[in-house]
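Just so it is clear, none of the values below were taken in a lab; they were calculated from the coordinates. Remember, it's a predicted structure, so these values are computed and weren't measured experimentally. As a convention, Cβ positions derive from the backbone with ideal geometry for all residues, glycine included, and neighbour counts pool all protein chains shown.
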Amino acid sequence: MNIKGTNGKLFFFSKFFLVAIILWSCSSREDKSIRKADGTIKGTISISGAFALYPMAVLWAEEFNKIHPEVRIDISAGGAGKGMTDALSQMVDLGMFSREVTKAEQDKGAWWIAVAKDAVVATYNPLSTSAELIKAKGISKEMLIDIYVKGEIKTWGELYSTSDKTRLNAYTRSDACGAAEMWGNFLGSNQESLKGVGVFGDPGIADAVKNDKTALGYNNVIYAYDMNTRKPYDGIAVVPLDLNNDGIISEDENFYGTLDNMMAAIASGKYPSPPARDLYFVSKGKPKNIAVLAFLEWIVTEGQKYVHKAGYVNLTEEKVASDLQKLSE
């Protein structure tokens, strides 16, 4: 995955794995943010959390810094659970979050706004012995339940009623994350109940699928598709879901070939929710930091023009209006 840093250079992460990126070094979280006479802002923002939102947050930070070059922004990816924990403990200004905020989290003071939308997709290695069957027949929700919840499917032959004895290696997330929770919700369960080999982070599952011809995994969209080519990354193929459970992928169900078709399916509701979901920034109470508030307002207005390019789905007008209302309260 290519990410453009604030110095204009491209950094290539061949393993998809990055725990933290620092756009500017920041020695203190003390809020000294100010709005200068020329309208620009000087201050600091710290962000941690969901891998799902990480690439989008990096791009937003870069573009925001072109307008406000004296805002220092630190961003680290460690999973949605870490994002919420860090935000509620006020170790960071904002947590990146990729599932609905629970009542328990609200009771602890969680405040949030939606910033974009994406989805979790099933992935497999294109060299799988069942690749042609996957393309033609897809995998239904019931089949995924048998794999991830019941643990009854152990080989690809069992999945498709063939003589193929190749083991089906299911991978799941080992870290507390929105992707696994959404995948579990889609299958009528939760992250804790999902079976499979536990792997840390979206980049970890992507690597596992690339390196294992027998693999079945799930990833946030941005880790399955290259935002430059708009096609799945080399070594990764996206499983078409047999949504009507008829044992064949019809033309209406076949929208996985390109990132743009996938995003259109998410936006229109053709791809189900869950595993499609909104992405959020969360904090302990409404932020008071001038730089943070300006960043959030910019994200839900001007910043939305970067969402599609980065491989996400834009907020609806209604959600933008709701966000701006929350920011103005």
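Lys137: which lysines have alpha carbons under 27 Å from its alpha carbon, excluding same-chain residues fewer than 8 sequence positions away?
The reachable lysines, counting only those whose Cα sits under 27 Å from Lys137, are Lys150, Lys154, Lys165, Lys195, Lys210, Lys213, Lys231, Lys270.
Quote to one decimal, in nm, the extra length available between Lys309 and Glu192 on full extension: 0.36 nm per residue of separation minus the C-alpha distance between them.
38.8 nm
Can you grab the distance from the C-alpha centre of the range 279-323 to the C-alpha centre of the range 255-269, Å, no decimals?
A separation of 22 Å, based on Cα centres.
Grab the other residues whose beta carbon is less than 12 angstrom from that of Thr123, score K and R as +1, D and E as -1, and report the net.
Residues close to Thr123 contribute a combined charge of -2.
As an exercise, identify the trypsin sites (Lys or Arg not before Pro) in the range 267-322 lying in DSSP coil whose Cβ has no more than 16 other Cβ atoms within 10 Å.
Lys270, Lys288, Lys309
Compute a Gaussian network model of the chain, connecting alpha carbons closer than 10 Å, and tell me which residue from Thr102, Thr258, Thr155 fluctuates the most.
Among Thr102, Thr258, Thr155, the largest mean-square fluctuation in the Gaussian network model of the chain belongs to Thr102.
Stokes-Einstein at 4 °C, 1.567 mPa s, Kirkwood radius from Cα pairs: D for the range 193-310 in µm² s⁻¹?
Roughly 77 µm²/s, to the nearest whole number.
How many percent of Cα pairs in the range 120-268 exceed 24 Å?
24
Relative to the present Cα-Cα distance, how much length would full extension add between Ser268 and Ser250 at 0.36 nm per residue of separation?
4.8 nm
I'd like the distance between the alpha-carbon centres of the range 101-119 and the range 129-149, rounded to an integer number of Å.
32
With a point put 7 Å past each Cα toward its Cβ, work out how far Glu318 is from Glu302 in nm, to one decimal.
2.9
Mind pulling the per residue volume of the convex hull built on the Cα atoms of the range 34-191? Å³ is fine.
140
What is the local net charge at Ile73, summed over the other residues whose Cβ is closer than 10 Å to its Cβ (Lys, Arg +1; Asp, Glu -1)?
Residues near Ile73 contribute -2 overall.
So how strong a dipole does the chain carry about its Cα centre when Lys and Arg Cβ are +1 and Asp and Glu Cβ are -1, to the nearest 20 debye?
Dipole of the chain, to the nearest 20 debye: 740 debye.
Could you give the semi-axes, largest first, of the ellipsoid that matches the chain, computed as the square roots of 5 times the alpha carbon gyration tensor eigenvalues and rounded to whole Å?
Over the Cα atoms of the chain, the ellipsoid semi-axes are 37, 19, 18 Å.
Please find the FRET efficiency linking Ser328 to Lys32, where r is the Cβ-Cβ separation and R0 is fixed at 41 Å, and quote it to the nearest 0.05.
0.95
How far apart, in nm, are two points set 7 Å out from the Cα along the Cα-to-Cβ line at Lys108 and at Leu293?
2.6
Of Leu315, Leu127, Leu53, which has the largest mean-square fluctuation in a 10 Å C-alpha GNM of the chain?
Result: Leu127 has the largest fluctuation of those listed.
Place a +1 charge on the Cβ of each Lys and Arg in the range 248-312 and a -1 charge on the Cβ of each Asp and Glu, then give the dipole magnitude about the Cα centre in debye, rounded to the nearest 20.
Dipole size: approximately 520 debye.
For the range 177-221 and the range 62-94, compute the distance between their C-alpha centroids and round to whole Å.
Centre-to-centre (Cα) distance: 25 Å.
Could you work out the helix-only [θ] at 222 nm for the chain, with each DSSP H run of four or more residues adding -39,500 (n - 2.57) and the total divided by the number of residues, to the nearest 500 deg cm²/dmol?
Helices in the chain give a 222 nm mean residue ellipticity of -9000 deg cm²/dmol.
Between Ser130, Pro272, Val199, whose Cα lies farthest towards the positive end of the dipole of the chain when Lys and Arg beta carbons carry +1 and Asp and Glu beta carbons carry -1, centred on the Cα centre?
Val199
Could you check what % of the DSSP bridge pairs in the chain are antiparallel, to the nearest 5?
That works out to approximately 65 percent antiparallel.
With +1 assigned to the C-beta of every Lys and Arg and -1 to the C-beta of every Asp and Glu, and no other charges, what is the dipole magnitude of the range 120-268 about the Cα centre in debye, to the nearest 20?
For this selection, approximately 360 debye.
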